[in-house]
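Some notes on the structure that comes next.
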Amino acid sequence: MKLTIEQLAQRIGAELVGNEKQFHQGIIAVGPIETAGENVITFVTDEKRKAALGKSGAGAVIVSSRFEDLDKPQLIVENVNKALIQVLNIFAPKLKTPDAGIDPTAKLGRDVKIAEGVSIGPWTVIDDGVEIGANSVISNGCKIGQNSKIGRNCRLDSHVVIYHNCLLGNNIIIQAGSTVGAIGFGYTYFDGAHRLIPHNGGVIIEDFVEIGANCCIDRAKFGNTIIGAGTKIDNLVQIAHNVIIGRCCLIAAQTGISGSCKLGDGVVLGGQVGLMDNIEVGPGTMAGGQTGIMRSVPAGKKIMWTPALEVTEALRVLSLVRRLPDMAEQLKQLSKRLEELEAAKDHKA
């Protein structure tokens, strides 16, 4: 797609200012400040990037307020990130929409209920008693277990596995290779061996949840593992049995959440965060990457480090840790000096 800068401003409801002679220049893509060319629009979210923008070859820029000394068309919006989403969608590749219907290679069990507009791709297996809501897309190679239910407008990418007795709401996206409802890692030791504890519960995924590629969400021993509405989960995340995650949480890649943990609404976990089992993380808590959370955390805390500390305390600890080599050398020198003084004292005696 190609739009003039003026047309693009109209599409996103932006105020257009700057060099009017360039308003009719064509835009075909979005790009970063450093590499954008004259047919590419870029964006600036803060003043720190203003200097780089002056050297940029971009044809136009999306900003939240006007840069007076910039001789370049500027699309002024209230929220740059929101506008960026709009523009990225405008210039997104136009892929073919899956056709509604059931591919001849798909295998359906008994008493399966498929609503209007559903697309079921090649080599998909759908077991007995499954229900799929209107306009959902089940891509090639997926497996949906007995009595599971999938709501409206959902998208399951290739090779997603939904085990039995799982409940997915509406407008859910699950990317390729993820698994929902596998048996949790729960064992007990007796008679000389580790014995698997039955996991007879299910998984509930509420509306507007998005799950990345190659994630694992385990079923509960009893009751349900629950992912709250609006939560977004990155790739390669492990969520164990009986975990309850609140609404609108963000969970970054390679995070591991142990069994029976509870996360409040709006929790943010950075990459490779790990949670010990049976702890609670209060609403609005933010954990930096690689934080090890070993005990429950009150609401609204900002934490990092392992074991987790509040950010201010963790930074003090980090400062001391970085000084340890110098402190060790100082201690070595002080010990040597003390030995010399003791030797001199003994010699005089």
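The values are calculated or read from the model by the stated rules, or taken from the named source; none is laboratory data. Being a predicted model, the structure only gives us computed values, none of them experimental. When we count neighbours, we look across all protein chains shown, and the Cβ atoms used for this are built from the backbone with ideal geometry, even at glycine.
With the structure loaded, tell me whether Thr42 is at pLDDT 95 or above, polar (S, T, N, Q) and crowded, with 18+ Cβ neighbours inside 10 Å or whether it fails that test. Give the steps one after another, and end with the answer.
Numbers: at pLDDT 95 or above: yes; polar (S, T, N, Q): yes; crowded, with 18+ Cβ neighbours inside 10 Å: yes.
So Thr42 passes the test.
Give the residue, chosen from Ala9, Ala52, that is buried (at least 16 other Cβ atoms within 10 Å of the Cβ) and outside the structural domain of Ser148 (by TED's automatic domain parsing).
From the options Ala9, Ala52, the qualifying one is Ala9.
For first residues located in the range 295-316 and more than 17 Å from Cys261 (Cα to Cα), partners that are among the basic types (Lys, Arg) and lie 6+ apart or on another chain with Cβ distances below 7 Å form the pairs Glu310/Lys301; Glu310/Lys302; Val311/Lys302.
Could we say that Tyr163 is assigned by TED's automatic domain parsing to the domain that holds Gly129, surrounded by fewer than 23 Cβ atoms within 10 Å (Cβ to Cβ), in contact with a strand residue (DSSP E or B) (Cβ under 8 Å, 6 or more places away or on another chain) and without any contact (Cβ under 8 Å) to a residue 12 or more places away in the chain here? Answer is no for this residue.
Summed over the range 243-263, the residues that are touching a Cys at 6+ places or on another chain (Cβ under 8 Å) and assigned to a strand (DSSP E or B) give a count of 2.
Selection within the range 196-208: residues that are among the β-branched types (Val, Ile, Thr) and in contact with a Leu (Cβ under 8 Å, 6 or more places away or on another chain). The member of this set that is surrounded by the most Cβ atoms within 10 Å (Cβ to Cβ) is Ile205. The test for being of a type in the set (A, V, I, L, M, F, W, C), closer than 28 Å to Gly169 by Cβ and in contact with a Lys or Arg (Cβ under 8 Å, 6 or more places away or on another chain) does not hold for Val61.
Of Ser319, Ser260, all but one fail to be surrounded by 10 or more Cβ atoms within 10 Å (Cβ to Cβ), free of Cβ contacts under 8 Å to residues at least 24 places away in the same chain and among the polar types (S, T, N, Q); the exception is Ser260.
Note on the range 126-160: residues that are crowded, with 20+ Cβ neighbours inside 10 Å and part of a strand (DSSP E or B) total 7.
Under the condition of being under 24 Å from His199 (Cβ atoms) and surrounded by fewer than 19 Cβ atoms within 10 Å (Cβ to Cβ), the residues counted in the range 269-278 number 3. Here Asp234 meets the list (1) within 17 Å of Thr291 (Cβ to Cβ); (2) out of contact with any Ser or Thr (no Cβ under 8 Å at 6 or more places or on another chain) almost entirely, failing just condition (2). The selection criterion, being in contact (Cβ under 8 Å) with a residue 40 or more places away in the chain, assigned to a loop (DSSP other than H, G, I, E, B) and crowded, with 19+ Cβ neighbours inside 10 Å, does not hold for Gly266.
Being part of a loop (DSSP other than H, G, I, E, B) and of a type in the set (Gly, Ala, Ser) is the filter here; which residues of the range 269-313 pass it? Gly270, Gly271, Gly282, Gly284, Gly288, Gly289, Ser296, Ala299, Gly300, Ala308 - these are the residues of the range 269-313 that are part of a loop (DSSP other than H, G, I, E, B) and of a type in the set (Gly, Ala, Ser).
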